1. Which pairs break 30 Å Cα to Cα here: K110/K142; K40/K142; K11/K40; K16/K110; K16/K72; K75/K104?
2. Calculate, in whole percent, how much of the Cα-Cα pair population of region 22-120 lies beyond 22 Å.
3. Give the angle, between 0 and 90 degrees and rounded to the nearest 10, that separates the Cα long axis of helix 44-68 from the longest principal axis of the Cα atoms of the chain.
4. Where does region 1-70 land on the Kirkwood hydrodynamic radius, alpha-carbon pairs, in angstrom?
5. Between T41, V153, L106, whose Cα lies farthest towards the positive end of the dipole of the chain when Lys and Arg beta carbons carry +1 and Asp and Glu beta carbons carry -1, centred on the Cα centre?
6. Helix 83-92: angle to the longest alpha-carbon principal axis of the chain, degrees 0 to 90, nearest 10?
7. Compute the FRET efficiency between E22 and T100 as 1/(1 + (r/R0)^6), taking r as their Cβ-Cβ distance and R0 = 22 Å, and round to the nearest 0.05.
8. Of [x] 128; [y] 233; [z] 113, which is the value of volume of the Cα convex hull per residue in Å³ derived from the coordinates here?
Amino acid sequence: MQTRQLRDSLKAGFAKQQQTMEESFRGLSAEQLNWAPDDKTWSIGQCLYHIWLTNDKYLANLASVIRTSERKEPKDQEYNSSIVGTRFIEMVGATGGKNTPVPKVLVPEKNRVPREVVQLVIDQLEGIQEFLAESEGKDLRKTKMASPIMKIVRLPLGDVFLALKGHNDRHLNQAARMLRMSGAATGVKTGVS
């Protein structure tokens with residue numbers, strides 16, 4: 001895939017995530033956000049708060065890397081994820097990570113997620129889209145960033161954006177499943193199909 005196609009795909013993906021947040025979760029009460037069928041399952045709020053915690057760890061580093069990188073993107077560059085990046089994206093993304101333990105620093109507390117988490121995630125998604133726009137002209141393959149969670153892992157900037165998108169998708173899907181379950185359990189129509 002060409003770098004331009006990657007940027008367009010990421011832009012559309014983050015915009016869709018923002019739309020999902022607005023349409024599916026904005027109107028929920030604190031009680032709805034914190035409902036879970038059992039103690040082992042994350043509530044909608046915990047899924048969203050985990051997204052916020054994870055993105056928050058990456059955004060400060062992302063800003064610094066983008067603003068200080070002098071690597072210029074070659075025209076018509078083909079983008080392929082690095083080997084480490086591919087594995088990382090699979091591990092944290094929408095289809096992976098079922099058996100991957102979540103670092104304790106990223107585990108949200110039960111029954112304590114405030115309603116404001118929805119707006120916090122929406123604001124972050126806007127920030128990620130701004131960073132993506134700010135990265136225009138930077139070499140997504142050669143500009144690298146250390147993971148704030150696993151410092152020894154250095155990923156190309158493009159892989160960081162792909163990992164964030166995949167991770168957000170994974171937990172937004174999880175939150176949508178919880179929303180459907182909570183509606184079925186409480187008899188409340190959720191509007192999520």
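1. On the way: K110/K142 40 Å; K40/K142 41 Å; K11/K40 34 Å; K16/K110 27 Å; K16/K72 28 Å; K75/K104 42 Å.
Checking Cα-Cα distances, K110/K142; K40/K142; K11/K40; K75/K104 exceed 30 Å.
2. Numbers: 2312 of 4851 pairs.
The proportion of pairs with Cα distances above 22 Å equals 48 percent.
3. 20
4. Working: mean 1/r = 0.0678 Å⁻¹.
Every distinct Cα pair counted, the radius reaches 14.7 Å.
5. Toward the positive end, the furthest listed residue is V153.
6. That helix lies at roughly 10 degrees to the long axis.
7. Values: r = 29 Å, r/R0 = 1.32.
According to the calculation, E is roughly 0.15.
8. Correct label is [z].
Throughout, read-outs are computed from the coordinates displayed, never taken from laboratory work. Just so it is clear, the structure is predicted and the values come from calculations on it, not from any experiment. When we count neighbours, we look across all protein chains shown, and the Cβ atoms used for this are built from the backbone with ideal geometry, even at glycine.
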